[in-house]
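Everything below concerns the one structure shown next.
The values are calculated or read from the model by the stated rules, or taken from the named source; none is laboratory data. All figures in this text were calculated on a predicted structure; none of them were measured in a lab. Cβ: placed from backbone, ideal geometry, glycine included. Neighbour counts: every protein chain shown.
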């Protein structure tokens, strides 16, 4: 799309992102239920009404239907237009950062997987293996031709999965309480496969900071106690998106403070 005026190219990118966002909603709804994401066609979970194409137009259909099923008037979750809008923004954001390149396609697909994991973990506190395990393999294969390179990818897998596994193991032996699920371990290993060992460390630091802040806020407002589990996968997803787009610049900025010492 480099031959198109920038504004027109941006519109095409966002429009395609909205369509993909509609599919991501299907993944977010069905994967926790262990249902096929291909069949059957989209339908109302309450009455089974099969959606016509005009009821499936991203953002517009939700607005026209006023957030309710056309057949039974059951409310439609606000998550649907939010995910569609976020995906459109995700597409445009990656387009601006990477431009028309192979890295754009890989990091964008990775970003879409992160969005699905973010939403599922936030709602169900699970991170489906059907995303994380193939994601590790895909990230490693892509690293053969693209950054971070195969060696950094392998080290990222080991470091990413190893960090959380070690923390969980130590915490369990000391407190006899599971600190986190192995879904988090596999997710951070996937992050390492795509971003490499250098950026997986950044992701761990950023997600830990965000998770700590969220936990303190919840405790302060008495919405949680010390035994409450915070969906750490959502924190990993948000931190990973930042690292995927700007991680090298952040690491270089941080290293510059020690360059003269």
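Residue by residue through the stretch 137-153, note down the ones that are within 20 Å of the chain's Cα centre (by Cα), free of Cβ contacts under 8 Å to residues at least 24 places away in the same chain and assigned to a loop (DSSP other than H, G, I, E, B).
none
Among the residues of the stretch 16-29, is there at least one that is modelled with pLDDT of 90 or more and more than 30 Å from residue 125 (Cβ to Cβ)?
Yes: one or more hits.
For residue 166, work out the one condition from (1) in the same structural domain as residue 208 (by TED's automatic domain parsing); (2) surrounded by 14 or more Cβ atoms within 10 Å (Cβ to Cβ); (3) closer than 18 Å to residue 207 by Cα it doesn't fulfil.
In the conditions (1) in the same structural domain as residue 208 (by TED's automatic domain parsing); (2) surrounded by 14 or more Cβ atoms within 10 Å (Cβ to Cβ); (3) closer than 18 Å to residue 207 by Cα, residue 166 misses (2) alone.
What residue, among those in the stretch 45-69 that are assigned to a loop (DSSP other than H, G, I, E, B) and touching a helix residue (DSSP H, G or I) at 6+ places or on another chain (Cβ under 6 Å), is farthest from residue 15 (Cα to Cα)?
Among them, the one singled out is 59.
Which of (1) touching a residue at least 24 places away in the same chain (Cβ under 8 Å); (2) in contact with a helix residue (DSSP H, G or I) (Cβ under 8 Å, 6 or more places away or on another chain); (3) farther than 26 Å from residue 114 by Cβ is the odd one out, the single condition residue 31 does not satisfy?
The one condition residue 31 does not meet is (3).
Determine, yes or no, whether residue 77 is surrounded by 15 or more Cβ atoms within 10 Å (Cβ to Cβ) and more than 23 Å from residue 191 (Cα to Cα).
Yes, satisfied.
How many residues are surrounded by 15 or more Cβ atoms within 10 Å (Cβ to Cβ) and over 20 Å from the mean Cα position of the chain (by Cα) if we restrict to the stretch 2-55?
7
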